[in-house]
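First the structure, in the form of structure tokens, and then the observations on it.
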Amino acid sequence: MIRAKSFFTSALVLTASVLMVACERPPVISQQVGYRGTGMVEMDNPRDKVKLVKLNALPEASPQADPNGPTAGSLYKNVQVLGNQSVGEFTRTMVAMTSWVAPKEGCNYCHKAGEDFSADTLYTKVVARKMLTMTGNINADWGTHVGVTGVTCYTCHRGNNIPTEVWYSAADPGKVKGFTGWKYGQNTPVSANGYSSLPLDSLSSYLANDGQVRVQGGDALPTKPTGPSGTGASIAHTEWNYSLMMHMSSSLGVNCTFCHNTQAFANWSNSTPQRVTAWYGLRMVRDINNVHMTPLESVFPDYRKGAAMGDVAKVGCSTCHQGANKPLLGASMLADYPELKKISTAASTTPTAAPVTPASPLAAALNVLGKIFFPTGKADIDAAGSDAIKTAAKALSTNAAAKLDISGFADSTGNQDQNMDLAKRRAFAVRDALKAAGVAEDRINLKKPEFMVGSASAESRRVDLIGIGL
């Protein structure tokens, strides 16, 4: 009898342990990020935050170089990018890149020992040029996603030759033995689909190809072509979308409510501003993979390519974010390395038209009219902020039914109560300025400020003006 009780006790303990594997032990902090009753809650585990802070620690910046003097392009041979930098700036950039990408190998990672630095013998040097051009393009052309924070080589590499978070196309398992039959690219748990039964290679469809996102099927028997590249809606199409969303959520360390109101996933006017940023982010990633990565397929050696399809490594949301809702917790390295804001190339002797940034679906219902930035510790609106107020007031004057959401942000580092109070005072200052500009108070909605995790940048000292119904 005693043995039986002991056996059942052990079985219960073992069962409870298995059931609790997927649970997080307290404390887990919940934070409301939307209207009450809508389930807009983000969960934060302090232990995870400690890990993120360590993972996103910034390297020490070297002293700024003298921008004067002869340029690298005029003094050195075969300088195809960064040729307009002074010799001092060029050397500083090369040293920084080496520490970010190849701290163990040093200069020999891109330059063959014993050869002149102008030689292109190693494939890594050719790739490095392309990556520098890509970095400059992101900073110059994709402010709709990276904002003023921008990116550097360190954002993705963090001391590794190849960023730890890249992906390759997966082979479709196709037909399998047994009653399961054709798997349709599903029921193969991998990290990209959150180890679920969802499609295993949604990244190829949406981050390398122009897959149609945000489609939820309502027809049991669709009449139009379905799948990621189809124009029709189906439940199967929705599953491909959800597989992508699993990748995005895990990459940013957030849940669905970071971008969506879970009562109405498809409704843009009920979504958070982050959904707009994500919309542009998807298009930025496609641009990176198609314009900068895929053309390098003939340059990379076979051992650097994917085992299943022989393709080059491509970027996803996790490549930069690595578990944080803002890469490097929102800190910007561009202030220390302004040379990477826009990269010049030897071929760019004639000006070309800037790429046209695609219009966001937000235009129909949700419109970010402006962002007002504040000095540290202050709630005073500067001249640029006043211009944003005037722009918003003018936009509302053209549509009597439109309203304005004031969405503030607060720094999560330091004293959170003081930071939240300061964020509220900034929002009140913007509201009062809008009223002074002629906007009726009943057309202004004050939203609860939200924290910018681990950020002490200008992005955490701002108020967004969001037009509703414009």
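Some points to look at:
- Those aspartates and glutamates that a straight Cα-Cα span of less than 16 Å connects to Lys314, excepting residues fewer than 8 apart in one chain: Glu165, Asp201, Asp210, Asp287, Glu297, Asp302
- Relative to the current alpha-carbon distance between Thr121 and Asn209, full extension at 0.36 nm per residue lengthens the span by 28.5 nm.
- Straight-line reach from Lys341: taking Cα to Cα under 15 Å and skipping same-chain neighbours fewer than 8 places apart, the aspartates and glutamates in range are Glu89, Asp141.
- With the simple model of a label 7 Å out from the Cα in the direction of the Cβ, Gln418 to Tyr195 spans 4.2 nm.
- Residues whose placed amide H lies under 5 Å from that of His260, excluding near-sequence neighbours: Thr272
- At R0 = 51 Å, FRET efficiency that the Cβ-Cβ distance of Thr91 and Phe428 yields, to 0.05: 0.55
- Calculated FRET value between Ala57 and Lys112, using beta carbons and R₀ = 56 Å, to 0.05: 0.95
- Residues of the range 264-284 with amide N under 19 Å of the 7 Å Cα→Cβ point at Met309: 282-284
- Working note: Debye formula, equal point scatterers on the alpha-carbon atoms of the range 232-311, no solvent; log10 I(q)/I(0) at q = 0.15, 0.19, 0.21 Å⁻¹ is -0.74, -0.97, -1.07.
- Compactness of the range 104-175, taken as the C-alpha radius of gyration over 2.2 N^0.38 Å, stands at 1.46.
- Proximity of backbone amide H atoms, modeled 1.01 Å from N, is registered between Gly408 and Lys447, Glu450, Asp464 at under 5 Å, excluding neighbours fewer than 5 places apart on the same chain.
Every read-out reported here was derived from the displayed coordinates using simple, explicitly stated rules and does not represent laboratory data. If you're wondering where the values come from, they're calculated on a predicted model, not measured in any experiment. Please note: Cβ atoms are built from the backbone with ideal geometry, for glycine as well, and neighbour counts cover all protein chains shown.
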